[in-house]
Amino acid sequence: MSANLLSYHKITDRIDFGITTRTLRDFRNDVALIHSLPSDQRPNFCFDDGYEDTFTNAFPILSEFGFTANLFIITGVLGKFNSWDFTFFGTFKHLSREQVKTLSDAGWNIGSHTKSHLALTTLSPSLLRAELLDSKKFLEDLLGKAVTSISFPFGNFNARVLDACKEAGFQEAISIKKPSPDGFVKRSKAVYRFDSLNSIRAKLRNAPLELLRLRTINACSGATIFMHKLKGYRPIHHAE
Ligand SMILES: [Zn+2]
């Protein structure tokens, strides 16, 4: 993976108050901006959560420009609606197994975003292992190849999580919050609804003000974790 990474979530024109949603027009402009850069300065695209619009909306635009991406799947919700997340205008569908296979065959790197999208730092050792190993095995069975990348839900990790990832056989990790000193975790900069081409340029050159802004926004993920706790959100089991 490139040293510079940009992370996306939903690419859709549907009404959604979530800040992680990017419209098709904005996304196309982002991709055109990246395409205009010298090839050694282009970041890699990452997609978290595995929404169906990664396939229906982002994939055609990226393909048009000759790009592939890294896709991090919440394996427990493949083919289902996003009951785990909070939206105000209906629910959003996740990718199907066939769509994930098609993206993998098209050269996309498929990684784990765990099984249930829980904050890994809060889990018991056995739950942590299950979130890592079950999702990895699920994807490897689906794709017939090794899955060695993981993106951390909410970007959260600590030394215990890193040890468990390495033991599970992951070779690289992504966090939208911070890198790890040993280089195992690369930091990816999230692109949000209100980002402009200028703020994307600022992310790519690690402008201190933009990084500060991202830190403030990413801190809001604490609200989702808190809501999960209130609602008693539990690990998801893979359907047969
Ligand atoms: Zn996520």
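Counting just the residues of region 204-240 that are loosely packed, with under 11 Cβ neighbours inside 10 Å and assigned to a loop (DSSP other than H, G, I, E, B), which one comes out nearest to the chain's Cα centre (by Cα)?
For region 204-240, the residue satisfying everything is CYS220.
Any idea which residue in region 132-171 is farthest from the ligand (Cβ to nearest atom), counting only those that are at positive phi and not hydrophobic (A, V, I, L, M, F, W, C)? Let's see the steps before the verdict.
Taking region 132-171 first, the residues at positive phi are 144, 154-155, 169.
With the extra rule that they be not hydrophobic (A, V, I, L, M, F, W, C), the set shrinks to 144, 155, 169.
Working: GLY144: 25, GLY155: 9, GLY169: 21 Å.
That would be GLY144.
ARG201 - would you say it is within 27 Å of ASP26 (Cα to Cα), away from the ligand (no atom under 14 Å from the Cβ) and either part of a helix (DSSP H, G or I) or among the β-branched types (Val, Ile, Thr) (or both)?
On the way: within 27 Å of ASP26 (Cα to Cα): yes; away from the ligand (no atom under 14 Å from the Cβ): yes; either part of a helix (DSSP H, G or I) or among the β-branched types (Val, Ile, Thr) (or both): yes.
So ARG201 passes the test.
From the residues in region 3-58 that are aliphatic (A, V, I, L, M) and either at pLDDT below 95 or part of a strand (DSSP E or B) (or both), which one is surrounded by the most Cβ atoms within 10 Å (Cβ to Cβ)?
Among those residues, the one meeting the criterion is ILE11.
Of everything in region 5-58, what is more than 16 Å from the ligand (Cβ to nearest atom), in contact with a strand residue (DSSP E or B) (Cβ under 7 Å, 6 or more places away or on another chain) and either closer than 19 Å to ILE176 by Cβ or hydrophobic (A, V, I, L, M, F, W, C) (or both)? Give them in sequence order.
Result: LEU24, PHE27, PRO43, ASN44.
Restricting to region 33-62, count the residues that are over 19 Å from the mean Cα position of the chain (by Cα) and hydroxyl-bearing (Ser, Thr, Tyr).
2
Which residue pairs have Cβ atoms closer than 6 Å, lie 6 or more positions apart in sequence or on different chains, and pair a first residue in region 174-189 that is at pLDDT 95 or above with a second residue that is charged (D, E, K, R) and assigned to a loop (DSSP other than H, G, I, E, B)?
What qualifies is ARG187/LYS178.
Examine region 158-169 for a residue that is at pLDDT 95 or above and under 24 Å from THR12 (Cα atoms), and state whether such a residue exists. Let's see the steps before the verdict.
To start, the set of residues in region 158-169 that are at pLDDT 95 or above comprises 158-169.
Next, only the ones that are under 24 Å from THR12 (Cα atoms) stay: none.
No, region 158-169 has no match at all.
For region 101-131, enumerate the residues that are in a helix (DSSP H, G or I), free of Cβ contacts under 8 Å to residues at least 60 places away in the same chain, within 16 Å of the ligand (Cβ to nearest atom) and buried (at least 23 other Cβ atoms within 10 Å of the Cβ).
Within region 101-131, LEU120 is the sole residue that qualifies.
Need the failing condition index for HIS94 against (1) within 16 Å of the ligand (Cβ to nearest atom); (2) free of Cβ contacts under 8 Å to residues at least 60 places away in the same chain; (3) surrounded by fewer than 16 Cβ atoms within 10 Å (Cβ to Cβ), just the number.
HIS94 satisfies every listed condition except (3).
Where the second residue is more than 16 Å from the ligand (Cβ to nearest atom) and among the small types (Gly, Ala, Ser) and the first is over 15 Å from SER7 (Cα atoms) and lies in region 53-74, which pairs have Cβ atoms under 8 Å and are six or more apart or on separate chains?
Note: pairs meeting the criteria are SER63/ALA106; PHE65/ALA32.
The values are calculated or read from the model by the stated rules, or taken from the named source; none is laboratory data. Bear in mind the structure is a predicted one, so any value in this text is a computation, not a measurement. Every residue, glycine as well, gets a Cβ built from its backbone with ideal geometry; the counts of neighbours run over all protein chains shown.
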